[in-house]
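The structure appears right after this line, and notes come after that.
FYI, it's all coordinate maths here, none of it is from the lab. Only a predicted model underlies this, so the values are computations on that prediction, with no experimental measurement involved. Please note: Cβ atoms are built from the backbone with ideal geometry, for glycine as well, and neighbour counts cover all protein chains shown.
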There are 2 protein chains.
Amino acid sequence: MPELLSRRELNKAATRQAITDAALTLLRGKGPGNFTVEDIAETAGISRRTFFNYFGSTEAALASMTHGFLDTALQQFRQRPADEPILESARAALMQLADPMTVAPLAELFTLTHESAQLSRSELEAWDHCTEQIISAARERFAATPGAAVDELYLRSLAGSVISCGKAAMDVWFARCGADLSPESLAILRQLLIDAMGHLGTGFSSPAPTSTTLLKERL
Amino acid sequence: MPELLSRRELNKAATRQAITDAALTLLRGKGPGNFTVEDIAETAGISRRTFFNYFGSTEAALASMTHGFLDTALQQFRQRPADEPILESARAALMQLADPMTVAPLAELFTLTHESAQLSRSELEAWDHCTEQIISAARERFAATPGAAVDELYLRSLAGSVISCGKAAMDVWFARCGADLSPESLAILRQLLIDAMGHLGTGFSSPAPTSTTLLKERL
DNA sequence: AATCAAGTTGCGCGGCGTGCAAACTTGCAC
DNA sequence: GTGCAAGTTTGCACGCCGCGCAACTTGATT
């Protein structure tokens, strides 16, 4: 019976998982900066050297979770119909982030990460990496249409702004709700994402508080 | 005759300058990742230990230049009249970046930095730091007006988007012109900044190539 | 000149990241 | 199964990093 993944691949995936799990456990238990790679390796049941075969640093191990998270959103983006306005595609893709199953592992990481400058860096890197991928995805989409010339500035400005708004929404949500993952909290996150995209779509014309405030008051 | 800066402060400033100069020299000469803190210290005429009294890492020393650069733009932003639309203030502030004297030291750093993932990180950090400061500046501005409630989401989305657009403009400019600092090149940068802000102001409604392309063709 | 704070330096230590070669594991063909 | 090739893990060693500490030098103050 031929398995989909070979033994080797399964082992590697398991080890990888063990490492990230160990890293998260230690982050929870000891706080950022209070444990070493050696600690992670020991907890994961591997050697220090093997750890470095998988990740270049503690931060990289933790950031891999964020990457997985953002990749999910990216997949959604790529699946949107090509004739849809980009902003709408982005909005829809970001909406995935408010799904409990998807956001749960990240919310905690967000909390723990924000305590350390060192770790915040790699988060930045993850967002930036995501931006680059959105640019690629958007470029492909434009290239598919007849009008051949792609405006690189438009692309990069848009992608960067979309990500910035997504980040802003998450920051505000987090500041407001902490690690709360209740349906109400997620509703707020959704609305924040919608509002941020709304601001972007209207060129930030109205600084007036939007529906989020109202929604919050209703709850 | 009381000098404005004490001897001590002068010395510290000089040492600091010597370090960043040394770091840049070595970056030019050996390329990113091919020199150590010890090398920098030696070039700057100080001990390794003293280097760490000033900067926490090689990247931090190099990033201090970028910080200075972005701080210049921030000062400009804070000096804008409070009743001016934020986007216009931002546009005006970013325009300072196209000034030859200001941009010259950075353009080269940009080139050298983009060769190294390690160094690109600290650039990201610098931009992010700038974003946070814009948020503060904008918040102060809003707080000064009668309508007390400040929409944090609006603030963060806008600041993030502005910075993203500035970054996008610089990326495109760099990809297009390399380290070229000629007046024509800087004119393009200016126009890119204007266009990026334009896209932002119109909610990215038109993906059509803008005046930058035309300007480029005219040159 | 005496004194004290501020700044520099050498030393030592634990941690990081990696090349290398020796084990060990898995996949495959016979 | 046996054996072999390819893929993985591991220990070892090395150079570099970042910082605490204690001695030392320099600058300001009186």
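Based on the alpha-carbon set only, what is the convex hull volume of segment B:1-67 divided per residue, in Å³? Present the calculation step by step, with values, prior to reporting the outcome.
Working: hull volume 6.1 nm³, N = 67.
Normalising the Cα hull of segment B:1-67 by residue number yields 91 Å³.
What spacing in nm lies between the two simple spin-label points modelled at A:His114 and A:Ala179, each 7 Å away from Cα in the Cβ direction?
So the two model labels end up 1.2 nm from each other.
Within a Cβ distance under 12 Å of A:Pro81, other residues only, what is the Lys/Arg minus Asp/Glu net charge?
0
Just checking the output field for A:194-204: average partner chain Cβ neighbours within 10 Å of each residue's Cβ? Don't skip to the end; give the middle numbers.
Numbers: counts 0, 4, 7, 1, 3, 7, 7, 4, 4, 10, 11.
Shielding by partners across A:194-204 averages 5.
Towards the positive end of the charge dipole of the protein assembly as shown, with charges on Cβ (+1 Lys, Arg; -1 Asp, Glu), say which of B:Gly201, A:Leu87, B:Thr102 has the farthest Cα.
B:Thr102
How high is the FRET efficiency from A:Ser136 to A:Ser6, r the C-beta distance, R0 35 Å, rounded to 0.05?
Numbers: r = 30 Å, r/R0 = 0.85.
So, using R0 = 35 Å, E works out to roughly 0.70.
Other chains' Cβ within 10 Å of B:161-173 residues: what's the mean? Display every interim value, and only then the final one.
Values: counts 14, 4, 3, 12, 7, 2, 6, 12, 3, 1, 6, 7, 1.
Mean inter-chain Cβ contacts per residue within 10 Å come to 6.
Could you please tell me the mean projected area of the C-alpha convex hull for segment A:147-186, averaged over all directions and given in square nanometres to one decimal?
4.0
Express the C-alpha Rg of segment A:74-210 as a ratio against the empirical globular expectation 2.2 N^0.38 Å, rounded to two decimals.
On the way: Rg = 15.6 Å, N = 137, 2.2 N^0.38 = 14.3 Å.
Here the answer is 1.10, to two decimals.
How far is B:Gln79 from itself in the other copies, in nm, if each label sits 7 Å out from Cα along the Cα-Cβ line, shortest first?
Distances to the matching label points in the other copies: 5.2 nm.
At q = 0.08, 0.11 Å⁻¹, work out log10 I(q)/I(0) for the protein assembly as shown with the Debye formula, treating every Cα as an identical point scatterer and leaving solvent out; two decimals please.
Log10 I(q)/I(0), no solvent term: -0.52, -0.99.
Return the single residue from A:Ala168, A:Ala63, A:Ala159 with maximal mean-square fluctuation; model: Gaussian network over chain A, springs between Cα atoms under 10 Å.
Per the Cα network of chain A with a 10 Å cutoff, A:Ala168 tops the list.
Taking the Cα centre of segment A:55-147 as origin, work out the dipole magnitude from +1 charges on Lys and Arg Cβ and -1 charges on Asp and Glu Cβ, in debye rounded to 20.
Dipole of segment A:55-147, to the nearest 20 debye: 240 debye.
Ignore the peptide's own chain and count Cβ atoms of other chains within 10 Å of each Cβ in A:126-138; give me the average, rounded.
Details: counts 0, 2, 7, 0, 0, 3, 0, 0, 0, 2, 0, 0, 1.
Mean partner shielding for this stretch: 1.
Using the Cα centre as the reference, give the magnitude of the dipole from point charges on the C-beta atoms of the protein assembly as shown (Lys, Arg: +1; Asp, Glu: -1; all else neutral), rounded to the nearest 20 debye. Write out the running numbers ahead of the final one.
Details: 40 positive and 52 negative charges, 61 e Å.
Its charge dipole is roughly 300 debye.
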